[in-house]
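In what follows, a single structure is set out as structure tokens and then discussed.
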């Protein structure tokens with residue numbers, strides 16, 4: 001079975017490096033990291049990910065805008081996105097769960113087993 | 001001697017008539033609803049009305065600006081002491097004037113609330129002060145009192161404004177801190193979880209150290225989450241809610257802690273409470289916080305009692321007064337939710353500070369010091385009040401007071 005491609009986008013390069021090691025350590029994923037929001041479209045066109053994990057607050061462009069750019073690309077429009085966000089309160093999660101407006105939002109600091117579970121769920125759904 | 005002569009001259013009823021007829025000041029007797037029951041000759045001189053014209057009329061018709069209502073049976077209004085004030089009076093011919101009145105509650109069979117006696121002096125007619133000086137002095141005193149009262153209101157509004165400005169800046173600060181701190185926390189957590197995968201089998205010291213780092217990281221995250229919740233407590237999504245259901249849901253959420261500490265929960269059967277207008281989620285957050293606090297105070301087990309009741313506020317107190325700016329007003333119908341524990345109570349010198357942000361009596365790592373601050377903010381946004389006190393029989397009691405409307409149908413048990 002071929003490995004699933006995961007594109008990790010976060011301006012914290014140390015964070016994406018650690019997550020990359022985790023995911024690749026499972027043997028199930030091939031991971032590409034990107035720390036510049038404005039470069040995500042070109043990286044994604046080249047890498048053709050099966051799922052994108054996207055930080056919401058980044059200095060050069062908002063994660064929501066990046067997702068919209070990907071959505072507008074015919075080849076990438078169907079790629080599922082998981083958002084990571086630092087600014088979410090317990091109350092938000094209680095009120096809205098992990099899915100807001102049909103999108104999955106995970107609160108940082110995310111536990112690795114949780115992240116893997118959500119990535120696999122997205123891939124199952126897309127399959 | 002004098003007494004004997006009086007007894008011979010007057011029957012009790014005659015004596016009363018003689019007093020009513022000869023006193024130059026007005027004497028007015030009110031029933032329990034503030035309506036005029038008896039009217040002296042002096043009262044007729046002051047106001048201009050004959051008994052036939054005025055008996056049965058509410059006293060407010062003659063004194064439209066009395067400081068507090070005169071109906072002794074009005075719920076929640078303490079009416080047990082004599083009081084006096086200078087106030088506007090309205091005469092039969094349409095003129096207004098100033099009167100000094102003394103209001104005495106009437107006792108009957110040693111209980112209050114039977115009515116009131118008013119002694120009225122027409123200040124414009126005051127012989128001791130020709131040219132109406134006394135009337136002007138009293139008008140001045142009235143204006144001064146009104147000025148003091150609006151100054152008080154202004155001060156209270158200013159404090160509320162400062163409080164909401166403080167909350168707003170805490171909100172901005174919290175969002176900024178959350179982002180800046182959660183990213184490094186995410187790296188630490190991802191790092192420890194990754195290292196765990198590389199640990200050689202049997203390296204217990206390293207495994208324990210990683211666990212300690214992870215626990216500390218999650219603790220720091222809890223503080224950030226608490227700060228975000230505290231900051232988020234600035235707006236409400238109000239709906240009609242059965243408070244009984246909210247209490248049940250809150251107990252459910254705290255179930256883990258309740259079981260862990262072997263705490264017995266007693267829900268006292270109470271009267272029906274009408275549906276309340278509140279933000280279900282936020283009040284649930286408040287109750288969960290108070291329940292967890294109570295449970296934490298009983299690490300070796302105990303009893304947690306939850307009681308709800310509907311009552312009318314009868315006395316002034318913290319957050320309760322007569323002014324429009326007071327969150328709760330005397331006479332208002334409120335729902336009380338009381339949460340009691342059988343723990344050691346709160347040290348008396350700490351009681352004043354427990355609602356301050358970041359103040360905690362719990363051991364390090366057990367509390368963020370934001371829980372009660374958030375409770376106060378949330379309940380305050382609902383126009384209510386939350387109190388914490390030590391019970392005389394031991395343990396602490398938290399009381400949440402929420403406004404209740406009594407006109408709608410009741411729900412809950």
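The values are calculated or read from the model by the stated rules, or taken from the named source; none is laboratory data. Note that this is a predicted model, so its numbers are computed, not measured. Heads up, the Cβs are rebuilt from the backbone with ideal geometry, glycines too, and the neighbour counts pull from every protein chain shown.
Step by step: first the residues of segment B:173-192, then only those that are more than 8 Å from chain A (Cβ to nearest Cβ), touching a helix residue (DSSP H, G or I) at 6+ places or on another chain (Cβ under 7 Å) and farther than 23 Å from residue B:210 by Cα, then the one that is surrounded by the fewest Cβ atoms within 10 Å (Cβ to Cβ). Which residue is that?
Filtering segment B:173-192 for residues that are more than 8 Å from chain A (Cβ to nearest Cβ), touching a helix residue (DSSP H, G or I) at 6+ places or on another chain (Cβ under 7 Å) and farther than 23 Å from residue B:210 by Cα, the one surrounded by the fewest Cβ atoms within 10 Å (Cβ to Cβ) comes out as B:177.
If you scan segment B:30-61, which residues turn out to be within 37 Å of the chain's Cα centre (by Cα) and closer than 22 Å to residue B:98 by Cβ?
B:30, B:34, B:36, B:57, B:58, B:59, B:60, B:61
Using beta carbons and a limit of 7 Å, which pairs, at least six apart or on different chains, have the first residue in segment A:88-117 and over 17 Å from residue B:281 (Cβ atoms) and facing chain B (nearest Cβ under 7 Å) and the second one assigned to a strand (DSSP E or B) and at pLDDT 55 or above?
Matching pairs, first to second residue: A:108/A:84; A:108/A:85; A:110/A:84.
Among the candidates B:252, B:211, which residue alone is loosely packed, with under 14 Cβ neighbours inside 10 Å, in a helix (DSSP H, G or I), more than 8 Å from every other protein chain (Cβ to nearest Cβ) and in contact with a helix residue (DSSP H, G or I) (Cβ under 9 Å, 6 or more places away or on another chain)?
Being loosely packed, with under 14 Cβ neighbours inside 10 Å, in a helix (DSSP H, G or I), more than 8 Å from every other protein chain (Cβ to nearest Cβ) and in contact with a helix residue (DSSP H, G or I) (Cβ under 9 Å, 6 or more places away or on another chain) holds for just one of B:252, B:211, which is B:211.
Out of all the residues in segment B:230-244, is one or more in a helix (DSSP H, G or I), in contact (Cβ under 8 Å) with a residue 24 or more places away in the chain and in contact with a strand residue (DSSP E or B) (Cβ under 8 Å, 6 or more places away or on another chain)?
Scanning segment B:230-244 turns up at least one residue that is in a helix (DSSP H, G or I), in contact (Cβ under 8 Å) with a residue 24 or more places away in the chain and in contact with a strand residue (DSSP E or B) (Cβ under 8 Å, 6 or more places away or on another chain).
Which one is surrounded by the fewest Cβ atoms within 10 Å (Cβ to Cβ), of the residues in segment A:21-42 that are outside any loop (DSSP other than H, G, I, E, B) and within 10 Å of another protein chain (Cβ to nearest Cβ)?
Per the stated criteria, the residue is A:25.
Quick check on residue B:264: is it within 14 Å of chain A (Cβ to nearest Cβ) and either in contact (Cβ under 8 Å) with a residue 60 or more places away in the chain or over 30 Å from residue B:183 (Cβ atoms) (or both)?
No; evaluated as a whole, the condition is false for this residue.
Please go through (1) out of contact with any strand residue (DSSP E or B) (no Cβ under 9 Å at 6 or more places or on another chain); (2) more than 23 Å from residue B:191 (Cα to Cα); (3) crowded, with 17+ Cβ neighbours inside 10 Å for residue A:60 and return the number of the only condition it doesn't satisfy.
(3)
Pull out all pairs, ordered by first then second residue, where Cβ-Cβ is under 6 Å, the residues are six or more apart or on different chains, the first lies in segment A:1-20 and is without any contact (Cβ under 8 Å) to a residue 40 or more places away in the chain and more than 8 Å from chain B (Cβ to nearest Cβ), and the second is surrounded by fewer than 17 Cβ atoms within 10 Å (Cβ to Cβ) and part of a strand (DSSP E or B).
Once the first residue is without any contact (Cβ under 8 Å) to a residue 40 or more places away in the chain and more than 8 Å from chain B (Cβ to nearest Cβ) and sits in segment A:1-20, its partners that are surrounded by fewer than 17 Cβ atoms within 10 Å (Cβ to Cβ) and part of a strand (DSSP E or B) give A:3/A:30.
Can you name every residue in segment A:1-20 that is over 20 Å from residue B:188 (Cα atoms) and surrounded by fewer than 21 Cβ atoms within 10 Å (Cβ to Cβ)?
Residues satisfying the conditions are A:1, A:2, A:3, A:4, A:5.
Determine which member of the set A:53, A:79 is within 21 Å of residue B:183 (Cα to Cα) and either touching a strand residue (DSSP E or B) at 6+ places or on another chain (Cβ under 9 Å) or at pLDDT 85 or above (or both).
Being within 21 Å of residue B:183 (Cα to Cα) and either touching a strand residue (DSSP E or B) at 6+ places or on another chain (Cβ under 9 Å) or at pLDDT 85 or above (or both) holds for just one of A:53, A:79, which is A:53.
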